[in-house]
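Report on the structure given below.
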């Protein structure tokens with residue numbers, strides 16, 4: 001038997017959070033490591049950005065589970081309390097924001113780097129840093145959310161317009177869903193009460209999306 | 001004929017090296033690749049730095065051989081190519 005506080009947290013949905021984060025981190029790292037040899041042999045930039053995207057997803061979800069831990073441990077409703085009570089929590093939130101933005105940006109960069117000659121990556125880093133700082137300066141969850149949702153929407157609009165000549169395919173749908181549910185996860189991290197009751201569905205769909213990408217990767221990479 | 005991509009050129013270079021079991025000299029290799037000298041040098045330096053080829057002195061002349069890592073690239077070329085196409089990278 002563990003300490004009563006820990007048992008209370010596990011019963012309060014924290015166990016589900018841990019399991020969910022563990023699965024996403026594991027799947028992301030499997031994608032990252034299973035493509036290692038392909039990148040080492042080819043030095044192909046598209047593969048590099050694709051791998052980095054999933055490494056950053058893994059880091060973002062790791063940081064996210066820490067935020068969830070802090071919120072469960074101190075019974076916090078939303079991130080405003082981070083500023084009032086726990087400053088290191090706010091730093092963690094800024095890190096989460098940076099890593100999650102960069103995960104999405106790297107995915108977009110993996111598809112579009114040839115079009116922009118790799119120059120967009122610098123812009124993406126700057127934007128991700130600005131977003132992370134906005135978390136530190138604008139404590140309002142709604143401001144943070146608006147910035148992130150607008151940003152993701154603009155990035156994916158650019159993505160679809162720049163490759164519209166290729167038409168829709170299964171990859172576009174998967175990436176679209178990934179962005180949508182990653183945004184839902186972001187909102188859920190900042191305002192956990194907003195999706196109360198829907199969390200399990202968000203988690204299940206998110207895991208399904210990551211597993212679909214892992215399946216597509218392993219089918220191509222094989223046993224290497 | 002469509003312009004070859006970077007990976008395709010590396011594959012073609014390594015295939016020439018693999019066909020020549022007793023090694024190949026620099027000039028015949030350049031000729032067989034159908035590349036300009038400048039482009040050839042660029043790719044040649046890349047495969048050398050990635051240890052896909054090794055240089056041996058035979059009868060006072062430099063000859064180039066494919067290494068195990070180079071062979072591995074050839075084995076994996078189709079997988080790499082399929083992966084890039086699958087994820088539109």
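The values are calculated or read from the model by the stated rules, or taken from the named source; none is laboratory data. Here the structure is a predicted model, which means the values were calculated and not measured. Reconstructed Cβ throughout: ideal geometry from the backbone, glycine too, with neighbour counts over all protein chains shown.
For region A:35-46, taking the residues that are touching a residue at least 40 places away in the same chain (Cβ under 8 Å) and surrounded by 19 or more Cβ atoms within 10 Å (Cβ to Cβ), the one that is nearest to the other protein chains (Cβ to nearest Cβ) is identified as A:46.
In region A:195-224, what count of residues is obtained for those that are in contact (Cβ under 8 Å) with a residue 12 or more places away in the chain and not in a helix (DSSP H, G or I)? Number of matching residues: 1. Checked against the criterion of being within 11 Å of another protein chain (Cβ to nearest Cβ), farther than 13 Å from residue A:38 by Cα and crowded, with 19+ Cβ neighbours inside 10 Å, the candidates B:83, B:87 yield just one match: B:87. Across region A:47-57, the number of residues qualifying as surrounded by 22 or more Cβ atoms within 10 Å (Cβ to Cβ) and more than 14 Å from chain B (Cβ to nearest Cβ) comes to 2.
Residues in region A:1-34 that are within 23 Å of residue A:189 (Cβ to Cβ) and modelled with pLDDT under 75 were compared, and the one that is nearest to the other protein chains (Cβ to nearest Cβ) is A:13. Of all residues assigned to region B:16-29, none qualifies as being touching a strand residue (DSSP E or B) at 6+ places or on another chain (Cβ under 8 Å), closer than 28 Å to residue A:48 by Cβ and within 14 Å of chain A (Cβ to nearest Cβ). The set of residues in region B:30-64 being more than 10 Å from chain A (Cβ to nearest Cβ), surrounded by 17 or more Cβ atoms within 10 Å (Cβ to Cβ) and not in a helix (DSSP H, G or I) consists of B:35, B:53, B:63, B:64.
Would you confirm whether or not region A:127-135 contains a residue that is modelled with pLDDT under 70 and either touching a strand residue (DSSP E or B) at 6+ places or on another chain (Cβ under 8 Å) or away from chain B (no Cβ under 14 Å) (or both)? Scanning region A:127-135, I find no residue that is modelled with pLDDT under 70 and either touching a strand residue (DSSP E or B) at 6+ places or on another chain (Cβ under 8 Å) or away from chain B (no Cβ under 14 Å) (or both), so the answer is no.
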